[in-house]
Amino acid sequence: KAEPGGWSCAVHNTHASIKWAILLTRVSFSPGDITQKGYEKKRSKLLAPYIPQIQGKNTIHFVTFISAGTAGRRLNTCKAANTRDERFRSDLHTEAVHAALAKYKERKMPMPSKRRSVLVQSSVEACTPPDTSSASEDEGSLRRAGRMVSSTPYQNHPAPNVEHWFNRVIQGSSTSSSASSTSSHPGGRASAHATAANAAAVLADLMAHTQIDNHSTPPDVTVLTERSLNKDRDRPPVASVRGVPRGYNHSSVMETADGVPVSSRVSSKIQQLLNTLKRPKRPPLREFFVDDFEELVDVQQPDPNQPKAEGNQMSPLEGEPVGLISNWPPSLLTSLQRWGTTHSKSPCLTALDNAGKPVYTLTYGKLWTRSQKLAYTLLNKLSTRNEPLLLPGDRVALVFPNNDPVMFMVAFYGCLLAELVPVPIEVPLTRKDAGSQQIGFLLGSCGVTLALTTEACQKGLPKAQTGEVVTFKGWPRLLWFVTDGKHVVKPPKDWHPTIREASNEIAYIEYKSSKEGSTMGITVSYSAMLAHCQALSQACAYTQAETICNVLDFKRDAGLWHGVLTSVMNRMHVISIPYSLMKANPLSWIQKVHTYKARVAVVKSRDMHWSLLAQRDQRDINLSSLRMLIVADGANPWSISSCDAFLNVFQARGLRPEVICPCASSAEALTVAIRRPPESGVPPPGKAVLSMSGLSHGVIRVDTDEKLSVLTVQDVGQVMPGALVCVVHVEGIPYLCQTDEVGEICVSSRSTGITYYGLPGMTKNIFETIPITASGAPISDRPFTRTSLLGFIGPDKLVFIVGKMDGLMTVSGRRHNADDVVATALAVEPMKFVYRGRIAVFSVSVLHDERIVVVAEQRPDASEEDSFQWMSRVLQAIDSIHQVGVYCLALVPANTLPKAPLGGIHISETKQRFLEGALHPCNVLMCPHTCVTNLPKPRQKQPEAGPASMIVGNLVAGKRIAQACGRDVTQLEDNDQARKFLYMQDVLQWRAQATPDHSLFLVLNAKGTVSSTASCLQLHKRAERVAVALMEKGRLNTGDHVALVYPPGIDLIATFYGCLYAGCVPVTVRPPHPQNLATTLPTVKMIVEVSKSVCILTTQAIMKLLKSKEATAAVDVKSWPLVLETDDLPRKKSFQMYKPPTPEMLAYLDFSVSTTGILAGVKMSHAATSALCRSIKLQCELYPSRQIAICLDPYCGLGFALWCLCSVYSGHQSILVPPLELETNVSLWLSAVSQYKVRVTFCSYSVMEMCTKGLGSQTEALRLRSVNLSCVRTCMVVAEERPRITLTQSFSKIFKDLGLSPRAVSTTFGCRVNVAICLQGTSGPDPTTVYLDMRALRHDRVRLVERGSPHSLPLMESGKILPGVKVIIANTETKGPLGDSHLGEVWVSSPHNATGYYTVYGEEALHADHFNTKLSFGDTHTIWARTGYLGFLRRTELTDASGERHDALYVVGSLDETLELRGMRYHPIDIETSVIRSHKSIAECAVFTWTNLLVVVVELSGSEHEALDLVPLVTNVVLEEHYLIVGVVVVVDPGVIPINSRGEKQRMHLRDGFLADQLDPIYVAYNM
């Protein structure tokens, strides 16, 4: 019912309560009518009767509609000239953003660290290039005289700025302003250090307390409280550094609980990160659905309290009928003919140059004759092989620059007259224009073979060598035809174009890009074109000979509809303003309106916005001639502020408020609605202030509690004449929406597009929608076209648009509009940082939900600190206003985002580059911790079943206990004499007598020639000399430990036996690297000290090195024990060999650094040594007549045994290839294998990798050098890790061409407690491969799946179990035996087990049970050694030599290496494999955890500006495949990740290096 004062209130009375009230302020437009104060008074008076009702009920929702005139006055006057952005924020919104930011106290976030070279990297085009073309610059570009952009990015702030920033990062200070004040004077620096140190120490204590019990779930960083952090601040940190004797402790290094050195810089940052993560916005975990397994991904349940639509069902809205004017032309071409012949002198189109001077005015007579000429030429003068090139109905591309509307218009009408279908497209400038490939696809699918263009444009296109225009990427082959006068011919007198009545034939095709970036062609028929012109003429009340000013692109959309088509129908005069002129002079269009007294102007919001920035220069402008200012993008929610601000300024220059006419259109439905000019007697315009959170749930509400997050929208007028409009649900069946619900607007009218060319399926969905009512009945028999506009119908049948389908992002069930997010980001002091307001917002799908990504161009002069602060503020603003987290915020250098044809950002191309890692940002902030709320539940550890019930369970399930053994040694007695000897020195002595000249060793150098050899006798003699030297020079006692520091060669072997002869215990040590003493010498020193060696044997060269000046810098050279060089020892005759009393005595020590960075030496007795050799001899069938090739390091493990022990024991000849020689000659090892026709060969993963990478492309060259690998029966990779199946497979594949059998390659497995557990050998079944479910593996379960199934992980058997070795799988916690195919720790029992650790540096007590453990149940007598590796046994279908079924051992990974995260067990290699796959520039990757944060270190093989591209990709892939959030991403140079001699990553050393800040990273990103 109508209330006094022109307010109306629509009441739907159900239970005497108002369902929703719409309040309209009817305020007349005359300027002096009502002041702000008066308005407020009047408003409160009118609202008074409703107030008590409103307060009493929650169900009432108001939508406030305010008239346009008043709101305009409330806006502040125009901003200063520096505020140029392309989307015009409403001041209301800016205030909201600032209020939202004020609510947050600055949360300290750790700033990412950059290397300097990356810091200064900036865009090549940071300085805007001169305008060479329409698209070289972007929308916001606005050049003013006298204002120059600085030519180099940092010239105004040279080094000091960078220095200052760098110092701040090093101190570990945060980004808040208080920190910067402390760092500026010397006194502040120490304090920053102290707090950082303190924080780290506290953190260390915290970790010391929380991780005592290994098996409880690790503390989740998200629940640390301030209290627990401050509780033990005074406890000193624990002083034990892993792998470094305590004497080495530098005073500046602090340590955490597990002995990791920490520098203040990193730890304080991670501390900040932990603080940031303390209060995450994780909603409570809810219902879960099973994602194909028990990994449960949270499914977002709708919030029961979310607002729901409550209005009635909307009723379709009809536009006024199309007026029946007697002289409507039967087709558009009839109008052209009529005006061309009767009013030939009337001006049709005036073109301007870049200075704004009119260059040419096309009259209707000229348009008619020139179009005819072109039509005739196209149909009759173009032919191939006497066939006409074009037939009526063929499609023709129109490629015209934006500053030549005349040629375009002639070409367009020329095509129509020739009955050809014009397809207007942008001018392609380079072969790689954004989106150009998709345009090519469109041209191809439309069958376009000819392109029309101007001479000037054709000259500017890139040419091939032949002089022809190049074929652009993805484009079909085109003929280019220039339409300038000299190329077209006059038709003969008797030729007339056929002008038919408007039919449903295609008139033209307009292209549009979809959200995904694909390009569709929308076909418009002759009748739709005519009907649209009629509807526009009626809606805009166009009259003949009116002047219209067109600022838009005339090739498509409103620019084409008003400026090329409807104008001709009404014989109007179009003044076309090119984009390049707008950039040079943003006021040009206003000046032209003034000069030509234009009645109508067609503009976009940005044109109004630009003109505001320049309007001060012009005083004599008068806009009173305008009766309609059509705002083509009035449907954009943010156009309202431009309209208001424009009106505010230009009202004084004669602009009447009512002439501003926003309109809504879409490529598919053409014009949908337009605000009518005031004389048509329509109701006044309205504005709606809507709740942003209501909109995200798809309903229309006024915001009551949260004043900040509102969206003010203006109406886009009434529905077009003759159209029927309704609003339907966005997804699913097109049901009609309720009146207070947002949906997609659908139009049924004669003036919409008819199809997507060549896409019938999509056409049916979009152009032939049948909306239905709630009961399921169709609302009309006419099909509707979906407009992709989201909105609702307001009061007075006004249409309101709140967004577009293209910008729709649905995050956990709530809808957000990309444009809204852009506006919020722009409202955060954009001018300081964002280059020309260029911001792109889109969503990417990660882990079953959309994630929002914001990309902005950074101004060249923005400092690192400022940008980072701006980024954190943007995150907070978006969070506060939209209640949605931003997943990734990236800043790129100015001018580097892909551009849309007329400036603007090409969103789909930007998204594509982001996902491909080709965006090259200069700053990235990822916030997965706040956004990703649908991770699976952390695993709750169940109390384990006891060992007895496990056995019973297995018996009941019919599963055998998982145990396996190699062949029985006692049955394999052989006649070799060596078997009788228990001591290696006896064997050598016996061989020296029995076969003195039999050659045991050949050592090859890099050229492939034999550098040294040793026969049995030679080796014996040299060993004797060494023994004598030890006794006489060294005066050593039996049982003394001697360190052997030799390069790989005969010397090493001879001195080893010399020690045995003398009764000393040898310790082989890798010599230090002369070029890298600083890191390699301390390891030598440590092994010498830890092994308690009393003497070092070495060569003269290394002896000099150990005592050199360079060495003093690395270690204390005075503390070396006695050093003897053995280069030329005197020959001695008399010598008494030492005989050990029992075989259990210590023979040698084997020292190795494990992958977890622990230096462990194991004790090998004489009995174990000979048992080891015997097992290998039997497995590989080694006899004196055999030759084997070894390309391994001879210092520890199986490498040492094969190099020094096996040949002496079995008598075969070993061809020794030192792996170092491969660095100068990669093919050395394979050439040797081929030359000596070796059947058995051993190598390491690093050797295999060198061959794969170095020889991959050279197999042909090797074949020509007659390298043939068909002799190889087994090639074994010596390893202490899970088999690297991808590497072995690619090795087999590459060298298959050289005859390598695919069955030959296999792996061995050994560890510290037993250096050889599995080894393929020469007989026995081939190694098998199984596929495991990676998700089950995280729960310590083995679940076999088919090859290629999702989440599958290939696992290769680790070779055959050696003779005499027994293996069992035990539960790590209960120590009970496990069943077949169950994951547990591999335990081993064998005569060649090591007898114990000589010492594990710093962890002696922990490992006492590694060598003698018993099962808690079942066979409780056997003594086992624990390998520390997880694996499982599986009985296969194959049979082994004894005819039994073969048991395969699969090693999954080292227990010490596993990461416990979210209650699940992860193997680093699995995460690393995913990461390496995510981008081509990631050469290597290593992961570790620190304080429960997952740290991913990647080596970048590309250029440094790619570094930041990796951050989002790494985060995405780890989330998608492992359900883990990455805490820190560190990008480093190739070769930074340390690798040991076996090619295994030393992740703990890497971790220590990271925390001590020794990695010199390119970039460190801390994910929020």
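The values are calculated or read from the model by the stated rules, or taken from the named source; none is laboratory data. This structure is a prediction, so every number in the text was calculated from the model and none was measured. We place every Cβ from the backbone using ideal geometry, glycine too, and count neighbours over all the protein chains shown. Heavy atoms of the whole protein, side chains included, go into the accessibility calculation; ligands, DNA and RNA do not. Shrake-Rupley method; radii C 1.70, N 1.55, O 1.52, S 1.80 Å.
Among Val725, Met809, Val742, which residue has its Cα positioned farthest towards the positive end of the charge dipole of region 712-843, with +1 placed on the Cβ of Lys and Arg, -1 on the Cβ of Asp and Glu, and the dipole taken about the Cα centre?
Of the listed residues, the answer is Met809.
For region 1249-1325, with every protein chain kept in place, what is the accessible area per residue (1.4 Å probe, Å²)?
Numbers: 2910 Å² over 77 residues.
For region 1249-1325, the solvent-accessible area averages 38 Å² per residue.
Express in Å², to the nearest 10, the accessible area of Thr1274 obtained by rolling a 1.4 Å probe over the protein heavy atoms while all chains stay in place.
Approximately 10 Å² of Thr1274 is accessible to the 1.4 Å probe.
Sorted by packing (mean other beta-carbon atoms within 10 Å per residue), highest first, where do 1557-1568, 471-482 land?
Ranking, from highest mean packing down: 1557-1568, 471-482.
Amide H neighbours of Ala507 under 5 Å, counting only residues 5+ apart in sequence or on other chains, H built in-plane at 1.01 Å?
Here Val524, Ser525, Tyr526 satisfy the definition.
Calculate the length of the line joining the C-alpha centroid of region 1202-1272 to that of region 1003-1029, in whole Å.
Cα centroid to Cα centroid, the span is 21 Å.
Tabulate in residue order the Karplus-calculated ³J(HN,Hα) for region 781-787, using 6.51 cos²θ - 1.76 cosθ + 1.60 with θ = phi - 60°, rounded to whole Hz; enter x for Gly and Pro.
Ordered by residue, 3J(HN,Hα) equals 8, 8, x, 10, 10, 6, 8 Hz.
Rounded to the nearest 10 Å², what accessible area does Lys1237 show when all protein chains are kept and the probe is 1.4 Å?
Using a 1.4 Å probe on the heavy atoms, I get roughly 140 Å².
Accessible area of region 880-925 with a 1.4 Å probe: how many percent of it is carbon plus sulfur?
52 percent
Past the 25 Å Cα-Cα mark, which pairs from Lys493/Lys555; Lys1237/Lys1545; Lys463/Lys515; Lys1293/Lys1360; Lys1085/Lys1366; Lys515/Lys764?
The answer is Lys493/Lys555; Lys1237/Lys1545; Lys463/Lys515; Lys1085/Lys1366.
Could you pull out the pairs from Lys1104/Lys1132; Lys512/Lys597; Lys486/Lys597 whose alpha carbons sit more than 29 Å apart here?
Too far apart for the 29 Å limit: Lys512/Lys597; Lys486/Lys597.
Residues with amide H under 5 Å of Leu1332's amide H, sequence separation 5 or more or different chain, H placed in the peptide plane at 1.01 Å from N; which?
Under 5 Å from the amide H of Leu1332 lie the amide H atoms of Val1345, Leu1353, Leu1355, each far enough along the sequence or on another chain.
Looking at region 473-566 from every direction and averaging, what is the projected area of its Cα convex hull in nm²?
Here the figure is 10.3 nm², rounded to one decimal.
Under a 5 Å amide H to amide H cut-off, with H placed in plane at 1.01 Å, what residues pair with Ala1147 once short-range neighbours are removed?
Met1164, Ser1165, His1166
When ligands, DNA and RNA are left out and all protein chains stay put, how many square angstrom of accessible area per residue does region 1438-1530 have with a 1.4 Å probe? Walk me through the numbers before you get to the answer.
Values: 2370 Å² over 93 residues.
Ligands and nucleic acids excluded, the result is 25 Å² per residue.
Where nothing but the Cβ of Lys and Arg (+1) and of Asp and Glu (-1) is charged, how large is the charge dipole of region 748-803 around its Cα centre, in debye to the nearest 20?
80 debye
Hey, what do the phi angles of region 1543-1560 turn into as Karplus ³J(HN,Hα) couplings, whole Hz, using 6.51/-1.76/1.60 and θ = phi - 60°, x for Gly and Pro?
x, 8, 6, 9, 5, 6, 5, 4, 4, 4, x, 5, 6, 8, 6, 10, 8, 6
Quick check: Cα centre of region 530-574 to Cα centre of region 370-411, how many Å?
For region 530-574 versus region 370-411, the Cα centre distance is 23 Å.
Please report, as a whole percent, how much of the solvent-accessible surface of region 1258-1307 comes from carbon and sulfur atoms (probe radius 1.4 Å).
On the way: 1160 of 2260 Å².
Carbon and sulfur atoms account for 51 percent of the accessible area of region 1258-1307.
Among 871-877, 1188-1194, how do they line up from the highest to the lowest mean number of other beta-carbon atoms within 10 Å?
1188-1194, 871-877
Output wanted: per-residue J couplings in Hz (rounded whole) for region 690-700, from phi through Karplus 6.51 cos²θ - 1.76 cosθ + 1.60, θ = phi - 60°, x for Gly and Pro.
10, 6, 4, 6, x, 4, 5, 9, x, 10, 9
How much accessible surface does Thr755 have with a 1.4 Å probe, in Å² rounded to 10?
Approximately 50 Å² of Thr755 is accessible to the 1.4 Å probe.
Rounded to the nearest whole Å², what accessible area per residue is found for region 1020-1059 with the 1.4 Å probe? Mind showing how you got there, number by number?
Numbers: 1300 Å² over 40 residues.
Heavy-atom SASA per residue in region 1020-1059 reads 32 Å².
For region 322-463, what % of the accessible area comes from carbon and sulfur atoms, probe 1.4 Å? Don't jump to the answer; show the numbers that get you there.
Values: 3120 of 5800 Å².
Exposed carbon and sulfur together represent 54 percent of the surface.
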